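Chemist: Pasting a structure below so you can have a look.
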Amino acid sequence: AIRGDWGGAPYEDLMKGLDAALAKYPFLDGTRVGALGASYGGYMINWIAGHTDRFKALVCHDGIFDTRAAYFETEELWFAEWDMGGTPWDNPEAFSKWNPAEHVKAWKSPMLIVHGALDYRIPESHGMAAFSAAQRLGVPSRFLEFPDENHWVLKPQNSKRWHDEVLAW
């Protein structure tokens, strides 16, 4: 469903889902909503940050910050070519249209950015770039690096730290 529409219908579905949950469950506080995503979900957090300020807090775990850079830095080219309809030189419009880096000027929501230093699917440079953007914009932000983890947090002590940091954020 995301092919050719990374930040389109999936983003709209998430916002509609949140609206429906807030309407259905009166115990939810719409002024204290947070969002968390990892991998494509982390990309979506970076996309959300540039398209709405309705979230009190965001957590981006191993998310793509720049779609063009991601193409050249990943060990998994098939997904990028399938999802974007080609390479950055064959379909530059898609890589630009769905690029969170193009929308950082609108970032306002506090963001915790988590990345594994051994992530070869979405290299740590994307987390560092998102953190640098947030910092330069004056957006409250924190960077949490796991030097001994890859695209997932698998070690028990790191999992505990991840949960403690995310819940505190």
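The values are calculated or read from the model by the stated rules, or taken from the named source; none is laboratory data. Treat the numbers as computed from the prediction; the structure is a model and nothing was measured. Reconstructed Cβ throughout: ideal geometry from the backbone, glycine too, with neighbour counts over all protein chains shown. Please note that ligands, DNA and RNA were not included when accessible areas were found on the heavy atoms of the full protein model with its side chains. Shrake-Rupley method; radii C 1.70, N 1.55, O 1.52, S 1.80 Å.
Chemist: Do you know which of the residues in the stretch 141-156 that are more than 17 Å from Pro123 (Cα to Cα) and either of a type in the set (Lys, Arg) or part of a strand (DSSP E or B) (or both) is least open to solvent (accessible area, probe 1.4 Å)?
Modeler: Ser141
Chemist: Go through (1) open to solvent by 30 Å² or more (accessible area, probe 1.4 Å); (2) touching a residue at least 60 places away in the same chain (Cβ under 8 Å); (3) not in a strand (DSSP E or B) and name the single condition Asp90 misses.
Modeler: (2)
Chemist: Would you check if there is a residue in the stretch 107-126 being aromatic (Phe, Trp, Tyr), more than 26 Å from Glu12 (Cβ to Cβ) and open to solvent by less than 80 Å² (accessible area, probe 1.4 Å)?
Modeler: no
Chemist: Oh, and also: Taking the stretch 93-125 on its own, how many of its residues are in a helix (DSSP H, G or I) and touching a strand residue (DSSP E or B) at 6+ places or on another chain (Cβ under 7 Å)?
Modeler: Going residue by residue through the stretch 93-125, those that are in a helix (DSSP H, G or I) are 93-97, 100-106, 124-125.
If we keep only those that are touching a strand residue (DSSP E or B) at 6+ places or on another chain (Cβ under 7 Å) too, we end up with 124.
Residues that pass the stated criteria total 1.
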